[in-house]
Amino acid sequence: MGKHEGIGIQSSPRGKNSNTLRLLNAALEGSRKAGTEAKLVDITKMNTRYSTGASTAAGAASAISRTITSTLLKKMLAANGILLSGPNYMSHVTAQLKTVLGRSVNVEHEQYLAGKDGFLIMTAGGGVRSCCWAT
Ligand SMILES: Cc1cc2nc3c(=O)[nH]c(=O)nc-3n(C[C@H](O)[C@H](O)[C@H](O)COP(=O)(O)O)c2cc1C
């Protein structure tokens, strides 16, 4: 059986002062102690670019391949466990994480990540609001 690999995705743009980063590092350190080869990927430092709205499988696949396949997707496919982390921004994920999710639509459609373990860390400052813009 191969080595157990994990990937922790950081989506806070706050750099070294990020609360999320502190929690993510603690989680990755814990999983390393349990024998997992755990790596952190900071998507805020990647040139992910916005989705172009490609909805066909071929279009979505090529949109992904320009940036994500070569780096992030390969790491996700190699991992047994994937931890998404980020702060709550206006009751949503950050724009950076939303961009990656939007550009990975084919990953969801083709169920490339089926069978992997998924984890989530989300930090928040003031609770969940229904809509920041409506108040
Ligand atoms: C632009 C922005 C929007 C935010 N929106 C929310 C929110 O809707 N609800 C909430 O509880 N906290 C909100 N927060 C607070 C952050 O989620 C919280 O401070 C978080 O710990 C920041 O994580 P980071 O240091 O890793 O960036 C917001 C912070 C920012 C900068």
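Just so it is clear, none of the values below were taken in a lab; they were calculated from the coordinates. Keep in mind the model is a prediction, meaning the values are calculated, not measured. Because the Cβ atoms are built from the backbone with ideal geometry, glycine has one as well, and the counts that use them run over all protein chains shown.
Within region 6-33, being within 11 Å of the ligand (Cβ to nearest atom) and outside any helix (DSSP H, G or I) holds for GLN10, SER11, SER12, PRO13, ARG14, SER18. So, of the residues in region 1-18 that are over 16 Å from the mean Cα position of the chain (by Cα) and touching a residue at least 12 places away in the same chain (Cβ under 8 Å), which turns out to be nearest to MET122 (Cα to Cα)? Applying the filter and picking the extreme gives HIS4.
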